[in-house]
Every structure is written in C-alpha cells, then in structure tokens.
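All remarks here apply to the structure that follows.
The values are calculated or read from the model by the stated rules, or taken from the named source; none is laboratory data. Keep in mind the model is a prediction, meaning the values are calculated, not measured. With ideal geometry, Cβ positions are generated from the backbone for all residues, glycine too; neighbour counts draw on all protein chains shown. Only protein heavy atoms, including side chains, enter the accessible area calculation; ligands, DNA and RNA are left aside. Shrake-Rupley method; radii C 1.70, N 1.55, O 1.52, S 1.80 Å.
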Amino acid sequence: MCGIIGILSNTPVNQEIYDGLLVLQHRGQDSAGMATSDGKRLYIRRKNGLVTDVFRKEHMKRLVGNMGVGHLRYPTAGGSSNSEAQPFYVNSPYGISLAHNGNLTNAHELKKELYKQDRRHINTSSDSEILLNIFAQELQKYKAYSVHPEEVFAAVEGVHKRCVGAYAVIAMITRDGIVGFRDPNGIRPLVLGKRESEQGTDYMLASESVALVTQGYAIVRDIEPGEAIFITKDGEVHTKQCSDKATYNSCIFEYVYFARPDSVIDKVYVHKARMRMGHNLAEKVMKVWPDHDIDVVIPIPDTSRTSALEMAITLGVPYREGYIKNRYIGRTFIMPGQKQRKKSVRRKLNPLDIEFKGKNVMLVDDSIVRGTTSKEIVQMARDSGAKNVYFASASPAIRYPNIYGIDMPAAKELIAHGRTEAEVAKEIGADRLVYQELDDLIDAITKGNSKLTQFDCSVFTGKYITGESESYFTDLEARRNDGKKKDKANMVAIDMSDTD
Ligand SMILES: O=P(O)(O)OC[C@H]1O[C@H](OP(=O)(O)OP(=O)(O)O)[C@H](O)[C@@H]1O
Ligand SMILES: NC(=O)CC[C@H](N)C(=O)O
Ligand SMILES: [Mg+2]
C-alpha cells in the first residue's frame, strides 16, 4: 500500500515532499524515493529504508527544482532491493519519473508485450517499471515536440486499455509538469490539493489528504476513477475522464487499516468510518451475545483504537489502554517476512497487567490477517492474569488474497482461510471471537458518502472486479509466498542508490 506524492510549486519542493512522505510513512516502510526537476534536469534519490534514513542533508541539497514526485514502498511485486525503489525513470519520451500505488495483475503479459511489440526492456521484476513503460510508450505515439494535455490524456487512455489491476499514479515529465491518474475502478486513492501564496498557486497530489493539510494545502477534490490530471509547469490544470468504464470500487481496507484516521478518502472521514465500525461491531455483540460478561474493552494499538473506543461506548463497558506501544517500532503487518513480523509484535506491544488481572477482557483489533498479532496478544492477556479473553475484529474474516496493492498473495497464509469462526478463535487462543458483518462494515463507510455503493471487498468475498483466472492465483501464491519472498529480498539489478 505505497504512498505517493507530487508537487508543482512556485518554490523548491524537496522539503515539502520530504515532510509529506514522513506523514505518509505508514503506507510503506521498505524504501523511499524522490525525483525533482528544475524544468531542465531530473534529480533523483531512492533507497531502501525509512524517510529519515534515505534522505540526508547532502541528498536534499541535490534535489533541486519546483516540481517533484515522492514514493514510499511496500512491495507487492518483485523483490525489495534498492533497484526497485521508486520513482522509476525512463528517458524517452521527454524523461518521465513515476510513482505507483497499487498492483498490476497482467504485469507478466505486459512485460512480454513491451519487448515484442515495443522493444522496451524491463530490468526489474517491479510492475511499476512496466506501468511506467506502458505510459511512456503510449505518450511516444504522438511524437509531439513538447507535451500537451491531449497527448497526456490519450496516453492515459492507452494505459487504461492495456493495464489491468490497481494503480494510482503520479508521474513527472521533466520539462512539462505533473500527471496524476487513477485506475478505472478507483481502487487506490488519489487526492488533489491547492495552496495560494504570494508567489502564486501551488498544487499537490497525494495518496491521502493528511499529506496535503499538514503542508497547508486545502483539499480540492479526489481524482475520479479513470480520470487524469495534468498540471503544467506554468500552473495550468487540465483534467479529463479517460475511461468509459469508470466506477467507484475503492479498496475497503484503506478505511479498515491502511489510511491514517485524519485522512478523508473519497469524501469519507476515515476516523468517523472507524467510529461507525466500532458502533456496528458493538451492536453485533449485543445481538449475538445479549448476556455478555465483558468487563473491559481493550484496543490493540494503534489502528483499532478509534473503533474500540466507540465499541466500548455503545456497549456501555469501560475502555482501557491495556497494551503500551513502543512508539519507535513501525507497523508490523507491512513488514516483509513472517519471522520479522512475529518478533516485532512482542517488541512493539507490552501489556499493563493491572488492566487484565481477574477480568473478562474484550480485545479489539481492526482486522485479523495472518493472526500474527492476535495470537501473541491473546497469550499476553492470559499471561497477565485475564479471566476470559474475548476478541473482536472491526472487519469480517479475511479469507482470500489481495491482488491490488496489499501484500497478501497466499490464501494459505491467512488464518481464516478455510476456517470457521470457531476454528479461528481456537487458533488464536480466544474464548470467543466476534467478526464484523460485511454489510455493517460497508454501512460504516457509506454513511460518510452515500454515493459510494461498491467497494473492493475481495479479501472478504473472493470476488475480484478485474476477473483474474484461477491460474493467476496459483501462480501468484507460488511466486510470492513468504518463503519465496525471502529469496528475492536482496535481488539487485542496477543499484542506483548511494552506498551510505
Ligand atoms: O493478523 P495480522 O497478520 O497480525 O495482521 C493484522 C494486524 O496488523 C495490523 O497492525 P500493525 O501493527 O501493522 O499496525 P498498527 O500499529 O497501525 O495497528 C492491524 O492493525 C492488525 O493489528
Ligand atoms: N503497495 C504498493 O502499492 C506496491 C506498488 C508496486 N506494486 C511495488 O511493488 O512497488
Ligand atoms: Mg494493528
């Protein structure tokens, strides 16, 4: 679930992109990168690590210019080496650098097609390098001396025709401006912001609105599914719907887990959606278990806090912080390997015994994916003297892979895959388990924007809007299960990063 940013400003953008990336760090912890342009030349820095590790003073000084794009990576394709850090760059036509959030499901076919048909060589296993080359190839068709909106929009139409899957994209054309677009299903988010200053109007595109508002930009609007925006270096803004099949099928997991609560996605306040998830979950508990004996509701920090608090209020039960989170450890779920994820739950969360001793505790998390967190957490509650340990998940059971930008490629790694609710409860060691109903989860979001009627809920339903074949999933699981990822982790193609 990478994070992307693009800024076209009247002043240098390096510090603002850096600050914006810091705000979006929760979307990708693997690598960070930035490309800037002064209208003549491109400057680029990308490397494995967190934002604070990747950019030092000397790199920032070199990233000059008033426009640029930034990226945070959480890999869903290829390996996790420096050479797959983004933005990717291609010099023809015009010099394009591109940052991608999402995942292409026909990357394999496109890679072959790019060589056979277009004589373009792809040097990494990243689907984003493929996406960049498709965009470049489509733009090249017009052979214009400099880029105009018509050519950009025609190129995006070409991308929509050739690429399948999820993609929110911000690209920079070195001499001409910034382009943003969202796939025809709008699976991944992209929002536009604007800021007036004495020097003129500055524009920013980002995965989440929190990156805009923290830099003083006002939210203008979300980019629509299938729509493209071209902001020229002179500050003209052009937009066009580039797909005749565009519909909203936004990823529901953005609201459940990925996005920051202080972001607004497709006009829905994530914080409020999570509150409603907690409320609906409490109603389900009261329905299926009217005589419950819950003494206290305890959230699993960080993400579930918002819904757990609202759940406690609706249940009329005290809410207590029972696990203290080490603020210097990042998100566990988006770490690359199971060993690392497991180890970090214990290092990250420590129980406060006094909140557990002799009590019936209801632990609340936003989701149970591999069960790494819940297993450890339930055990910690027992070790701290809880009488009974109940567990509630603000989202339904996750039984199917994600193929749109969340790294959950192997069904067998999901704890609820092929298991009933009671079996999952047993597996995580809980005395009772309550899952949110899918309709209640959807209701929690649509209450914020009734125009959103459809979502990508594939991890709960196994239904994929882009219609992939059975063999795609078999192949994906074989290529990207946890064991395979370990082998690929250090696969370096051309290492363009500095060694420090
Ligand atoms: O069942 P699992 O495979 O463990 O995945 C689910 C857990 O992972 C996430 O937490 P994470 O630590 O990544 O981030 P957070 O601090 O934002 O909650 C999520 O909030 C759940 O707690
Ligand atoms: N999570 C994402 O959005 C990943 C983007 C891209 N597929 C990559 O692996 O780099
Ligand atoms: Mg969590």
Net length gained if the chain between Tyr115 and Asn388 were fully extended (0.36 nm per residue, minus Cα distance): 92.3 nm
Hits among lysines - C-alpha to C-alpha of Lys111 under 18 Å, sequence gap 8 or more where chains match: Lys161
Sites excluded, chymotrypsin sites (Phe, Trp or Tyr not before Pro) in DSSP loops with at most 16 other C-beta within 10 Å, longest stretch of the chain: 146-327
The range 3-247: C-alpha gyration tensor shape, a/c 1.5 cut-off, then a/b vs b/c: rounded
Cβ-Cβ FRET estimate between Thr420 and Tyr328, R0 fixed at 30 Å, reported to 0.05: 0.20
Whole-percent carbon and sulfur share, accessible surface of the range 3-247, 1.4 Å: 48 percent
Set of lysines near Lys40 by C-alpha distance (under 18 Å), chain-local residues within fewer than 8 positions excluded: Lys61, Lys233
Amide H within-cut-off set for Asn106, under 5 Å, with H built and near neighbours excluded: Val164
Solvent-accessible area of Lys343 with every protein chain in place, 1.4 Å probe, in Å² to the nearest 10: 130 Å²
Accessible surface, per residue, of the chain when the full set of protein chains is kept, probe 1.4 Å, Å²: 40 Å²
Reachable lysines, given that their alpha-carbon falls under 16 Å from the alpha-carbon of Lys451 and they are not under 8 places away in the same chain: Lys267
Cross-link table Lys284/Lys426; Lys141/Lys245; Lys284/Lys484; Lys240/Lys447, entries beyond 32 Å C-alpha to C-alpha: Lys284/Lys484
Virtual spin-label span in nm between Ser471 and His108, 7 Å along Cα→Cβ: 0.8 nm
Estimated FRET transfer efficiency (Asp262, Gln199; beta-carbon r; R0 25 Å; 0.05): 0.35
The range 87-131 shape via C-alpha gyration tensor axes, a/c threshold 1.5: oblate
Cα→Cβ-extended label distance, 7 Å offset, between Lys342 and Lys287, nm: 3.7 nm
Cα gyration tensor, the range 130-288 - rounded (a/c under 1.5), prolate or oblate: oblate
Inter-probe distance in nm under a simple model that places probes 7 Å from Cα toward Cβ, at Gln241 and Asn10: 3.4 nm
Met275, Met335, reordered so the largest accessible area comes first (probe 1.4 Å): Met275, Met335
Helical contribution to [θ] at 222 nm, DSSP H n ≥ 4, -39,500 (n - 2.57), averaged over the chain, rounded to 500: -9000 deg cm²/dmol
For the range 12-61, size of Cβ-based charge dipole, Lys and Arg +1, Asp and Glu -1, in debye: 220 debye
DSSP H segments from the chain that extend 24 Å or more along their own axis, Cα-based, with Kyte-Doolittle mean of -0.5 or above: 270-288
